[in-house]
Amino acid sequence: MRCMRPLVSVLALVLFASACGGNTTERVLEGTAADIFSGTCATGEGQEVTIYSGRTENLIEPVLDAFSCETGIDVAVRWGDSTQLALLLDEEGDRTPADIFLSRSPGPVGFLEARGLLGTIDDAVLGLVAEENSSATGSWVGFSGRKRVAVYNLDAVTEQELPESIFDLTSEPWRGRVALPATNGSFVDWFTVFRDQFGTDVATQWLDEMVANDAKYYPNNRSIVEAAGRGEVDLGLVNHYYNYQEVAAAGDAHRALNHDFGDGDIGSLLVITAATITRASENTNEANQLLGYLLSEPVQRYFTEETFEYPLAAGVPAAEALPALTALEIGSVDFDALGGGFEETTRIIEASGIANQ
Amino acid sequence: MTSTMPTQKAPPALRGVSLVLAAAFSFPGLYLIWRNISTGADPLGLLTSQRTLAPLWRTLKLAVTVSLSAAIIGTALAWLTMRTDIPLRRTWRTVLPLPLVFPTFIGAAAFIRTLNPGGLANGLFNSIGIEQAPELRGFFGAWFVLTLFTYPYVYLPVAARLQRLPGSLEESARVLGDSAIQSFRRIVLPQIAGAVAAGTLLVFLYTISDFGAVQLMRYDTLTRAIETNYLAQPAVAFALSLLLLVLAAAVVSGERMLGRRTIAPATARSTRPVNYRLGRWKPAAAGFVLLVGALGVGAPMVALIDWASEGLLRASRNGRPLAISSDKVVEAARNTLESSVLAALVAVLAVLPIAFLVGRYRSRIGSVSHAIVIATFALPGILIALALRFWTLRSGFAGDLLFDSKALLIFAYVVRFGSLAMGITLVAVQTVPDRFHDVAATLGANRIRRLRTIDLPLMAPGLLAAVGLVLLSTMKELPISLIIAPLGYPTLTTRIFGSFEDAFVAEAGIMAVVLVAMSATLSWFLVLRRAEHR
């Protein structure tokens, strides 16, 4: 049948393409991973560890390659979106193949902890970070931080205008000029801490006033930084990380900069990315070893030098380009104490009507 | 003209196979119902709350308007490229299906990057006297982007239908004095109505399930409410998803009732299709096709190429090196090609029995199976992924066998996109005249022989269009590719997502350009081969 020939040809192409793949194992690392570990790779003894990672491949894979090379432990990863991976872990329960879950932000970790799906991390690993950067129950440990900042368009906002505090943004001069990633995980986490620190009434009132001041809704940090670069919005509340990436990619052509709120302002909170071990894990030794590795000196250095994040362990100082840290850290807030915190936060954000702005 | 109103009783084997297929496609729906029960969700209670009704209303408003505009644009493009002497017909046939392949999370972002104020097309706008481009956002932005992303759902089936439609009737009509427009309305439209309806239904279902485009356009629909509630209030997310599914099922059933009047052509393949001369309308028609192509494919490509070239230049200027190697791109491209081709072939094979059952016979099993396959398209992909994980964990040995396998991934894609193949395949089945079968049967041809010598050749353009639709859609699929793919089986879309999430725009751009180039090659391949048989 002639008409089926294209299909057969395509299939042949696929089979050919599949046949010419194949991996070779290398004894020494190359590229970024080699900056973390430059020695000869160890021979494995069949140990393995499986990770569900809400942190993305470009940033985390060099670390995992280095770990695998240095220890001989095989690492398998499912890369994905933190929320979706948390849902998957919930669905899989005790039958999950995952030993470790790496989350972009604390929300999904809180969800899993509430469901009792997290195991306990070894004290030796927990002790590698300051007390506020790990869970009191031992269910999670922070391994890097991203700071909340304001990103602003250089041509639309003068330096004198820049706000001291997020509370300034509800005033008339900022009408219609500010963007909020109101439904994004990082904002939801931040708002939950905001409620915890200032009380739900203050936080809710601030958000309602922002809505009344015609704040604009954007779905995530990245889209706000991009819009600020084009001048579509004047200023937005985001993670510090994205503007560094944009500048690294586009240089001066990108017309936006980060601005730090004043010392101690809730607007400059440090939001940690957390590592957890699943309750179902049967490879807890390897999993703890990997978590410890994330907190080791070369890896912490990598996080701050290469990925523009804040280091949390091993005495590594933050890269010079990063703004100084102020006191507030999300780690200082107890997930357990928050209880239904994220659920209530979501309800308040929905009720504010920000998503229609 | 004979009507193919089915009368015969279906063979038991066909009914049995369809039943099994319907069961396979109902996994996500059953999971959703179970989750509504297990979380104590209250979908009916939600229906009376303003917090549900407002986004539901916006969802419906958007879906109806996008369906209308995509139907008109898709049909017009199909007619122009299949029936007229518009310049560069071959090229347009390759290019016009391509908007299907943009993953919306990056496609919509690329649109914004090109067209919005301060964007890449700013200079172009200035040079033609537009000082400030309108900001694409809200209802208008969502309508605009989704129309451009979804018209291929109409274009592909209608183009396939036109290709098999004999020109003799149109020629007679013209001889009798009808204008091109009159003959289109009186002769062509009734013949392609089934294909237009099937495609428009897909546009509607896609629009109500879309999250990527509406969220970037900041238009608050039901899917945003679902997305926000997954972790915070799972019961609400599951209940809202069930509402989506019920809405989809209602619309699908409605379409079936209207769609029963498909008319088979009196003669098939008897003459070459007519080719209208556009004459003085040619510039306008060419301008229209060019505009759709420029907006639907060109605008996002400008931003993607800009991101990609910036990254490549940066690497060559000894700037920060790219975070992906060419090996990784090749690996992801190979996996994308393999999984999408397999999914496309399996999807068409899977819906074929149901299409025969519905198209040839009067069968309740057929109608229900058809509705299940199509309505599933309205579900967010993540729910299909979670549903499959749920079922494989609860099906013992078979589940262990499938767990983390490529077979399960292909199955998930087929469940997600079988709907795309269903409509076109059904139209293809219905357009094979019964008379041919009767004659063939009289001449002693058995069922298999009849299928091979009569049905498949006549249905070929429709089936190829179905393959194309599933292929391009699978290539861009994200949630299933992330959640169900075996560990260590990256696709282009998963790597684009990972890069884009952390603002590695150069890496995301490069891989998106590869994705589009790959799908253009496949699209060209299907178009070219199809053209040879004319």
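The values are calculated or read from the model by the stated rules, or taken from the named source; none is laboratory data. All of these numbers come straight from a predicted model, not from anything done at the bench. Note that each Cβ is placed from the backbone with ideal geometry, even for glycine, and that neighbours are counted across all protein chains shown.
In table form, for the structure just shown:
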| item | result |
| --- | --- |
| Hits in segment A:297-323 - residues which are in a helix (DSSP H, G or I), within 22 Å of A:ASN258 (Cα to Cα) and acidic (Asp, Glu) | A:GLU305, A:GLU306 |
| Filtered residue count, segment A:189-240, keeping only those that are facing chain B (nearest Cβ under 10 Å), within 26 Å of A:GLU343 (Cβ to Cβ) and touching a Pro at 6+ places or on another chain (Cβ under 6 Å) | 3 |
| Wholly enclosed helices (runs of 4 or more DSSP H) of segment B:293-405 bearing at least 2 residues among the polar types (S, T, N, Q) | B:299-316, B:326-360, B:364-375 |
| Total residues in segment B:329-345, condition aliphatic (A, V, I, L, M) and out of contact with any helix residue (DSSP H, G or I) (no Cβ under 7 Å at 6 or more places or on another chain) | 1 |
| Only listed residue being under 24 Å from the mean Cα position of the chain (by Cα), more than 14 Å from chain B (Cβ to nearest Cβ) and at pLDDT below 90, chosen from A:SER139, A:SER135, A:SER186 | A:SER135 |
| Single match in A:THR278, A:THR284 (criterion: out of contact with any helix residue (DSSP H, G or I) (no Cβ under 9 Å at 6 or more places or on another chain), away from chain B (no Cβ under 14 Å) and modelled with pLDDT of 90 or more) | A:THR284 |
| Residue, nearest to A:VAL193 (Cα to Cα), within segment A:104-130, restricted to residues that are part of a loop (DSSP other than H, G, I, E, B) and within 14 Å of chain B (Cβ to nearest Cβ) | A:SER105 |
| Of residues in segment B:42-59 being part of a helix (DSSP H, G or I) and among the small types (Gly, Ala, Ser), the one nearest to A:ILE354 (Cα to Cα) | B:ALA54 |
| Extreme residue, farthest from the other protein chains (Cβ to nearest Cβ), among residues of segment B:116-130 that are in a loop (DSSP other than H, G, I, E, B) and of a type in the set (A, V, I, L, M) | B:ILE128 |
| Qualifying position, being among the hydrophobic types (A, V, I, L, M, F, W, C) and either within 14 Å of another protein chain (Cβ to nearest Cβ) or surrounded by fewer than 21 Cβ atoms within 10 Å (Cβ to Cβ) (or both), among B:ALA78, B:ALA63, B:ALA109 | B:ALA109 |
| Hits in segment B:476-506 - residues which are among the acidic types (Asp, Glu), at the interface with chain A (Cβ under 9 Å from one of its Cβ atoms) and in contact with a Phe, Trp or Tyr (Cβ under 8 Å, 6 or more places away or on another chain) | B:ASP502 |
| Positions within segment A:46-69 being buried (at least 21 other Cβ atoms within 10 Å of the Cβ), in contact (Cβ under 8 Å) with a residue 60 or more places away in the chain, more than 11 Å from every other protein chain (Cβ to nearest Cβ) and not aliphatic (A, V, I, L, M), in sequence order | A:PHE67 |
| Residues within segment A:187-233 that are under 30 Å from B:SER499 (Cβ atoms), acidic (Asp, Glu) and surrounded by fewer than 22 Cβ atoms within 10 Å (Cβ to Cβ), tallied | 0 |
| Number of positions in segment A:234-260 that are over 20 Å from the mean Cα position of the chain (by Cα) and buried (at least 23 other Cβ atoms within 10 Å of the Cβ) | 2 |
| Residue satisfying all of: in segment A:142-170; of a type in the set (Val, Ile, Thr) and outside any helix (DSSP H, G or I); farthest from the chain's Cα centre (by Cα) among these | A:THR158 |
| Options B:VAL214, B:VAL236: the member that is within 22 Å of the chain's Cα centre (by Cα) and not small (Gly, Ala, Ser) | B:VAL214 |
| Residue under evaluation B:GLY311, criteria (1) at the interface with chain A (Cβ under 10 Å from one of its Cβ atoms); (2) exposed (fewer than 15 other Cβ atoms within 10 Å of the Cβ); (3) not charged (D, E, K, R), criterion not met | (2) |
| All positions within segment A:54-103 that are within 19 Å of A:ILE121 (Cα to Cα) and in a strand (DSSP E or B) | A:VAL75, A:ILE100, A:PHE101, A:LEU102, A:SER103 |
| Segment B:199-248, residues that are within 14 Å of another protein chain (Cβ to nearest Cβ), over 19 Å from B:LEU386 (Cβ atoms) and in contact (Cβ under 8 Å) with a residue 24 or more places away in the chain | B:ALA213, B:VAL214, B:LEU216, B:MET217, B:ARG218, B:TYR219, B:ASP220, B:THR221 |
| Hey, B:ILE324 away from chain A (no Cβ under 14 Å) and either at pLDDT 95 or above or within 30 Å of B:ALA512 (Cα to Cα) (or both) or not | no |
| Selection within segment B:131-181 - part of a helix (DSSP H, G or I), at pLDDT below 90 and touching a helix residue (DSSP H, G or I) at 6+ places or on another chain (Cβ under 7 Å) | B:ALA160, B:ARG161, B:LEU162, B:GLN163, B:ARG164, B:LEU169, B:GLU170, B:ALA173, B:ARG174 |
